[in-house]
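Everything below concerns the one structure shown next.
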């Protein structure tokens, strides 16, 4: 989807001649019928003045230009049925939105269109700058029974239940700030990781199996201990009997 207000300033180009006829001045929509009535065009040739393109003649709504088939689709404003009645000056106050039982829901903000089907899908229900800043604008779909008047929009009372709450500008800004902060904290760490040289892995040493010492069989203490030699007994020599001392008879 795209806001109809975003088409303002985009070039109007014909696909057959490749000629730029001017820029979009205003995209005029009818909310009751949910359609694009036409485009007001500021012609490049000042002699032509203000021109228009009927909604049914819009070929492509692009990012930078609106394409039409040929110069024949560029006509006088009066030639597009109902266009002049719906044109609002830029300085005009937003159209108020009321229920048919007299309750004010807000005012018309941006009008959202499907650029492929070229139809109006919904519109913003704004409560004013301060309220939109704090709470965000709501979105109201194109409902049956909606009346697009000269100065206001009327919807059935039950249409209030179809309004979806929008996102406040503060919430949107905070989400954007948080996202940017998260990116900033990630970027230095990622840059540091890229700058840091990769650590060289040391080759793993091959494990050499060391033979376990064999356990000797424990010998009995008696066998291990060396027997101490017993001391030898001295034996006195016996003298022979019958022999006297020398020199005796």
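How many of the residues making up the stretch 1-11 are farther than 13 Å from residue 112 by Cβ and in a strand (DSSP E or B)?
Residues in the stretch 1-11 being farther than 13 Å from residue 112 by Cβ and in a strand (DSSP E or B): 1 in total.
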Which residue pairs have Cβ atoms closer than 7 Å, lie 6 or more positions apart in sequence or on different chains, and pair a first residue in the stretch 65-87 that is crowded, with 17+ Cβ neighbours inside 10 Å with a second residue that is assigned to a helix (DSSP H, G or I)?
66/7; 68/57; 73/57; 83/77
For the stretch 55-77, name all the residues that are within 41 Å of the chain's Cα centre (by Cα) and assigned to a strand (DSSP E or B).
60, 61, 65, 66, 67, 68
Going through the stretch 33-57 in order, the residues found to be closer than 26 Å to residue 153 by Cα and surrounded by 15 or more Cβ atoms within 10 Å (Cβ to Cβ) are 34, 35, 36, 37, 38, 39, 40, 41, 52, 53, 54, 55
Out of the residues in the stretch 115-136 meeting the condition of being modelled with pLDDT under 75 and assigned to a loop (DSSP other than H, G, I, E, B), tell me which one is farthest from residue 37 (Cα to Cα).
135
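Listed here are the residues, each with its yes/no results for (1) farther than 11 Å from residue 61 by Cβ; (2) modelled with pLDDT of 95 or more; (3) assigned to a strand (DSSP E or B); (4) out of contact with any helix residue (DSSP H, G or I) (no Cβ under 9 Å at 6 or more places or on another chain).
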residue	(1), (2), (3), (4)
13	yes, yes, yes, yes
26	yes, yes, yes, no
36	no, yes, yes, no
39	no, yes, yes, no
Per-region count, the stretch 91-122, residues free of Cβ contacts under 8 Å to residues at least 24 places away in the same chain and exposed (fewer than 15 other Cβ atoms within 10 Å of the Cβ):
7
The stretch 70-116, residues that are farther than 18 Å from residue 154 by Cα and touching a helix residue (DSSP H, G or I) at 6+ places or on another chain (Cβ under 7 Å):
73, 77, 78, 83, 84, 113
Per the list (1) more than 16 Å from residue 118 (Cβ to Cβ); (2) not in a strand (DSSP E or B), residue check on residue 51 breaks on (2)
So which of 49, 22, 34 is on the phi > 0 side of the Ramachandran plot and free of Cβ contacts under 8 Å to residues at least 12 places away in the same chain?
49
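How many residues are at pLDDT below 70 and assigned to a helix (DSSP H, G or I) when one looks only at the stretch 152-178?
So the count comes out to 9.
The values are calculated or read from the model by the stated rules, or taken from the named source; none is laboratory data. Remember, it's a predicted structure, so these values are computed and weren't measured experimentally. Positions of Cβ are backbone-derived with ideal geometry, glycine not excepted, and every protein chain shown enters the neighbour counts.
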